[in-house]
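Report on one structure; see the data block that follows.
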Amino acid sequence: MWPDGKKFGICLSHDVDRVEKQWWHCITHFLKEKRIYHIKTLLTRWRDNPYWNFEKIMEIEERYNVRSTFFFLNESKKLKFLDTSTYPLALGNYDINKKEIVEIIKELDKNGWEIGVHGSYDSYLSANMLKKEKAVLENIVGHKIIGIRQHYLNLKIPETWIYQRKAGFKYDASFGFRRDIGFRENKILPFSPFEDNFLVIPLTIMDSALFHQYPYMKDAWNSVLKIIKFAEKNSALITVLWHQRVFNEKEFPRWSKMYEKIIQEGIKRRAWFGRCVDVWEVCKNECRDN
């Protein structure tokens, strides 16, 4: 089913949760890891933002002639001082209408990268929130947005997909594991929960889940290679999620190298590469029975 007679598919994507390393990131990471690097970034983050890695991603993907999907977040969760669960959601969020954010979204869109909605934390239960977040991003790019991935992979099945479809989305890319890698419920291809052209594109490998399970690089790569070989044998789709902030070698050593290695191995094994929208175009009529 993959174009040009390719053996299997690899879909590349990035969730843009944060675009700037905040002071509290520096302190909490230092307390957790005891690395002086985090204190140094506390003093230098104003001129050298370690989370702004869009150009690096573009350069890597341009080198291999591939493109990916960037999901941008428009979080509306408010900080509640006595509720610590709101801290990571409300602290460090970015204004999607800020000049530099708008400029990088437009640059990515103009040069062939897909822009999608990274649905805010509570939006998975609200069609109205999804519509508003979609409209804001569409106003920036000047055309329709068809794809979404929910923040924290939040899903209530099938309600979230019903709300997404009602809001005008054509696909959801949230169906995967938060703390593990692989094919959730053995879904090796996109599938249509409503037997129409709304597709669920399963997530296979997320950076944080991979290195949570396999902290040693050799073990991490062996686990990824096993998935690639399975996909090659079974004509499956591998959807990869690498957050843009982890393309910072000092803070996430070799994480970006692993992303690049996945691309290299896919090319070696004759994989078809696509953005999420490309997967939707290929599969919208082919994957209804999966």
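At-a-glance table
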{"read-out": "Pair list, Cβ < 6 Å and 6+ apart or interchain, from segment 113-130 residues that are within 13 Å of SER76 (Cα to Cα) and without any contact (Cβ under 8 Å) to a residue 40 or more places away in the chain to residues that are of a type in the set (Phe, Trp, Tyr) and open to solvent by 10 Å² or more (accessible area, probe 1.4 Å)", "value": "LEU130/TYR163"}
{"read-out": "Any hit, segment 208-228, residues being assigned to a loop (DSSP other than H, G, I, E, B), open to solvent by 30 Å² or more (accessible area, probe 1.4 Å) and within 27 Å of ILE115 (Cβ to Cβ)", "value": "no"}
{"read-out": "Of the criteria (1) of a type outside the set (Gly, Ala, Ser); (2) more than 17 Å from the chain's Cα centre (by Cα); (3) at pLDDT below 95, which one TYR121 fails", "value": "(2)"}
{"read-out": "Lone unmet requirement of (1) touching a Lys or Arg at 6+ places or on another chain (Cβ under 6 Å); (2) of a type outside the set (Gly, Ala, Ser); (3) assigned to a helix (DSSP H, G or I) for GLU103", "value": "(1)"}
{"read-out": "Close pairs (8 angstrom Cβ cut-off, 6 or more residues apart or separate chains): under 16 Å from VAL224 (Cα atoms) in segment 263-288, of a type in the set (A, V, I, L, M) and part of a loop (DSSP other than H, G, I, E, B) anywhere", "value": "ILE263/VAL66"}
{"read-out": "Boolean, PHE169 is open to solvent by 60 Å² or more (accessible area, probe 1.4 Å), modelled with pLDDT of 95 or more and in a loop (DSSP other than H, G, I, E, B)", "value": "no"}
{"read-out": "The one condition in (1) within 18 Å of the chain's Cα centre (by Cα); (2) without any contact (Cβ under 8 Å) to a residue 40 or more places away in the chain that VAL102 fails to fulfil", "value": "(1)"}
{"read-out": "Selected residue (criterion: surrounded by the most Cβ atoms within 10 Å (Cβ to Cβ)) from residues of segment 180-204 that are under 15 Å from the mean Cα position of the chain (by Cα), among the hydrophobic types (A, V, I, L, M, F, W, C) and assigned to a loop (DSSP other than H, G, I, E, B)", "value": "ILE201"}
{"read-out": "Residue in segment 139-150 that is free of Cβ contacts under 8 Å to residues at least 40 places away in the same chain and within 20 Å of ASP207 (Cα to Cα) present", "value": "yes"}
{"read-out": "Among (1) farther than 19 Å from GLY176 by Cα; (2) out of contact with any strand residue (DSSP E or B) (no Cβ under 8 Å at 6 or more places or on another chain) - the single one GLU232 does not satisfy", "value": "(2)"}
{"read-out": "Qualifying position, being surrounded by 17 or more Cβ atoms within 10 Å (Cβ to Cβ) and within 19 Å of ARG63 (Cβ to Cβ), among ARG254, ARG275", "value": "ARG275"}
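The values are calculated or read from the model by the stated rules, or taken from the named source; none is laboratory data. Just so you know, these numbers come straight off a predicted model, no measurement behind them. When we count neighbours, we look across all protein chains shown, and the Cβ atoms used for this are built from the backbone with ideal geometry, even at glycine. Accessible surface is based on the protein model in full, side chains and every heavy atom, while ligands, DNA and RNA are left aside. Shrake-Rupley method; radii C 1.70, N 1.55, O 1.52, S 1.80 Å.
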